[in-house]
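Chemist: Here it is: the structure, laid out below.
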Amino acid sequence: MDIQTWTFILVGITFALYIGIAIWARAASTGEFYVAGGGVHPIANGMATAADWMSAASFISMAGIISFIGYDGGVYLMGWTGGYVLLALCLAPYLRKFGKFTVPDFIGDRYYSQTARMVAVFCAIFVSFTYVAGQMRGVGVVFSRFLEVDINMGIIIGMCIVFFYAVMGGMKGITYTQVAQYCVLIFAFMVPAIFTSIMMTGNPVPQLGFGGTMADGSGMYLLDKIDGLSAELGFNQYTDGSKSMVDVFFITAALMVGTAGLPHVIIRFFTVPKVKDARISAGWALIFIAILYTTAPAVAAFARVNMIDSINGPDLKGVPAEQAPGWVTNWEKTGLVKWEDKNGDGRMFYSGDARNEMDINRDIIVLASPELANLPNWVVALLAAGGLAAALSTAAGLLLVISTSVAHDLLKKGLKPDMTEKQELLAARLSAVGAVIAAGYMGINPPGFVAQVVAFAFGLAASSFFPAIILGIFYKKMNKEGAIAGMISGIVFTTAYIVFFKFINPEMNTPDNWWFGISPEGIGTLGMILNFVVAIAVNKVTAETPQEVQDMVESIRYPKGAGAAIDH
Amino acid sequence: MAFENKDMAKRYWGENLKIMGILLAVWFAVSYGFGILLVEPLNQISLGGFKLGFWFAQQGSIYTFVVLIFVYVAKMNQLDKKYNVEE
């Protein structure tokens, strides 16, 4: 069977499964819609969190980026996993004990201020929209490459599916669908990785094969081979970085702290029954994420060797164009791989210097990896289904945050407090509908800046929410004036820096012009530090936090409802 | 009332912060320390086919993160039991 038939079958089966689960797990109350009634088992919640977290970017793009930049790619690996340690130790148990639905709820109640709540609502909606547009685009790309439908048609199909289970099921439907989506995506990612590892190194565990010797009889370590090829071809050394150490440090920190501050991740810890479960949920989530994240650098290294070898041939002279490897001819059709015969010898050549004749898009590495390793067609189709699972599960989680922010934080707690639960549920569903349509529109007409704004989403989460929540839990006397001033200065600073280098003066976006050598991707870390400093300084010179708020902070520090009883 | 007195609550919180502090120190050491700041000296050491600093940046730090969370869970459950604030 060809790739397209296999893709129709596998994508069809998985979609039917998601819809079936959505019907089974319909939400009946706002509690079920927002946090699945708070009754999800920690392992299921861990899987759902992992699927929610691992987006089209993690699944499709990350290994490809690492394959091209080697060691520097570690910023994504450490950044997007290390944030879970912060979440588990510093945020999740306390926010679960607090026991409301959303992050703006916590900010609004803890800082006894409507202004603080509204700043938080604005950030939550902005961050989530930024993210969701990219997901819908990912859905469209997978559809158009593997099912050969128009990219817009692909996005519309994706919208309908997400619409169906997010709007009907709310958090309950989403959670159980995400459990299924996790299983699909991890299976799809691991199967080609394991096969490739066996073929290249003889070791079935990619994480070990990656540090093992080549199975071609040379006895050479795989990574030494890549470094050798890189030196010969004028690429940067794979196992050494080319970014400055300070930039790697700041980017890693911004991604970690940003992860811990993303509302669609934090909200997952409101769905488990007890504080104890919130702690362990983060552990399960990280195990499920780590399976993919430790495999991705192995996939990256395997693909690097296969890619160079298949283009340049064993003698490093380049293969003649008529004998071009299958993956090159397949992907040339999409325009994502280009060959230009600069020296007119009729041979393809790939290098990091002036001899280079190839232009290869980073995003194809994962999707092309089965072809690179000559694996059967059903494996390619499986990757398509996995990529869709990753994109849809993340999109659904984000849409839920948007609809909750509008219905609960903006309307119920802000503009229209007299709503009944039924009206609130209706408002939540209607705003989910609005969010799906807006996200689809942005997927079809992508603003040119989707890629740039990802840095924005993390920077903003790092420089706004994270310090406000940490201070809210660990610094009882932090008052509303300090928190609001901190959040606003963090956001304004980070936004100004990113907008300056990404939108106003993109030509100045070079290390010489950056402050302290920090790129816009890493600036959220500095914004976060600024937020902490401003918040603490303003707190010192303004009024004391009311006693009842201090008592509330006290109470969220202990697993049982003990706080109030201690003082009185 | 879960805690016997305010003093017990204070001690519980203090022990909680200590556990967090130790685990966060390890978290910082494996990622920012071994994976970034000390990557060059560590790369002089080999672990099979890996340079050690590279291995921490792309593999080791992630395994350590998982272990840290499970150690935290175990320690906190013990602490809850000790102070009789288990759920």
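The numbers here are math on the coordinates, done by the rules we state, and not lab data. Quantities reported herein were computed from a predicted structural model and do not represent experimental measurements. Using ideal geometry, Cβ is built from the backbone for each residue, glycine included, and neighbour counts are taken over all protein chains shown.
Chemist: How much length is gained on full extension from residue A:492 to residue A:476, taking 0.36 nm per residue of separation minus their Cα-Cα distance?
Modeler: 3.2 nm
Chemist: Take each complete run of DSSP H in chain A, measure how far its Cα atoms stretch along the helix's own axis, and keep only those covering 30 Å or more with mean Kyte-Doolittle hydropathy at least 1.6; list them.
Modeler: Membrane-span-like by this rule: A:3-24, A:377-404.
Chemist: Project the alpha carbons of the stretch A:73-212 onto their principal axes and report the range along each, largest first, in whole Å.
Modeler: Extents along the principal axes: 60, 40, 27 Å.
Chemist: Measure off 7 Å from each Cα along the Cα-to-Cβ vector at residue A:26 and residue B:19, then give the distance between these two points in nanometres to one decimal.
Modeler: Placing both labels 7 Å along Cα→Cβ, they lie 4.3 nm apart.
Chemist: Taking the Cα centre of each part, how many Å lie between the stretch A:284-353 and the stretch A:110-177?
Modeler: 32
Chemist: Can you tell me the 0 to 90 degree angle between the C-alpha axis of helix B:61-82 and the longest principal axis of chain B, rounded to 10?
Modeler: For helix B:61-82, the angle is close to 10 degrees.
Chemist: State the answer as a single residue: which of A:69, A:465, B:27 lies farthest towards the positive end of the charge dipole of the protein assembly as shown, with beta carbon charges of +1 for Lys and Arg and -1 for Asp and Glu, about the Cα centre.
Modeler: A:465
Chemist: How are the Cα pair distances of the stretch B:29-87 distributed, in percent, across 5 Å bins from 0?
Modeler: In whole percents, the pair-distance histogram is 4, 20, 19, 14, 11, 9, 9, 7, 5, 3.
Chemist: To the nearest 10 degrees, how steeply does helix B:6-28 sit against the main Cα axis of chain B, on a 0 to 90 scale?
Modeler: Taking Cα atoms only, the helix is inclined about 10 degrees.
Chemist: How large is the charge dipole for the stretch B:29-87, taken about the Cα centre, if only the Cβ atoms of Lys, Arg (+1) and Asp, Glu (-1) carry charge, to the nearest 20 debye?
Modeler: 120
Chemist: Full extension from residue A:536 to residue A:503: what is 0.36 nm times the residue separation minus their Cα-Cα distance, to one decimal in nm?
Modeler: 8.7 nm
Chemist: Now a separate question. Checking the cross-link filter: which aspartates and glutamates have an alpha carbon closer than 19 Å to that of residue A:342, excluding same-chain neighbours under 8 positions apart?
Modeler: Reachable aspartates and glutamates: A:322, A:332, A:353, A:357, A:359.
Chemist: How large, in Å, is chain A by the Kirkwood hydrodynamic radius built from its alpha-carbon pairs?
Modeler: 24.6
Chemist: Hey, what did chain A get for relative contact order, percent, Cα under 8 Å, at least 6 apart?
Modeler: Once divided by the residue count of chain A, the mean separation gives 27 percent.
Chemist: Only helical DSSP H runs with n ≥ 4 go in: add -39500 (n - 2.57) per run for the protein assembly as shown, normalise by residue count and round the 222 nm mean residue ellipticity to 500 deg cm²/dmol. All intermediate terms of the calculation are to be shown ahead of the outcome.
Modeler: Values: 29 runs with 429 residues, N = 655.
That calculation yields -21500 deg cm²/dmol at 222 nm.
Chemist: Under a plain spin-label model, where a point goes 7 Å from the Cα along Cα-to-Cβ, how far apart in nm are residue A:543 and residue B:46?
Modeler: Spacing of the two 7 Å Cα→Cβ label points: 6.8 nm.
Chemist: For residue A:160 paired with residue B:77, estimate the spin-label separation in nm (one decimal), with each label point 7 Å from Cα along the Cα-to-Cβ line.
Modeler: With each label placed 7 Å out from Cα toward Cβ, I get 4.6 nm.
Chemist: Let me ask another. What is the extension gain from residue A:361 to residue A:420, computed as 0.36 nm multiplied by their sequence separation minus the C-alpha to C-alpha distance, in nm to one decimal?
Modeler: Going from the current span to full extension adds 16.1 nm.
Chemist: Now a separate question. Rounded to the nearest 20 Debye, what is the dipole magnitude of the protein assembly as shown about its Cα centre when Lys and Arg each give +1 and Asp and Glu each give -1 at the C-beta? Before the final figure, lay out each step's value.
Modeler: Numbers: 43 positive and 47 negative charges, 423 e Å.
Dipole size: approximately 2040 debye.
Chemist: Next question, about the same structure. Stokes-Einstein at 4 °C, 1.567 mPa s, Kirkwood radius from Cα pairs: D for the stretch A:320-374 in µm² s⁻¹?
Modeler: The Stokes-Einstein estimate is 110 µm²/s.
Chemist: For the stretch A:457-497 and the stretch A:190-256, what is the separation of their Cα centres, given in Å?
Modeler: Rounded to whole Å, the Cα centres lie 38 Å apart.
Chemist: Kindly flag which residue pairs out of A:243/B:75; A:97/B:82; A:422/B:6; A:422/B:81; A:97/A:243 have an alpha-carbon separation exceeding 31 Å in this structure.
Modeler: The pairs that break the limit, which is 31 Å between Cα atoms, are A:243/B:75; A:422/B:6; A:422/B:81; A:97/A:243.
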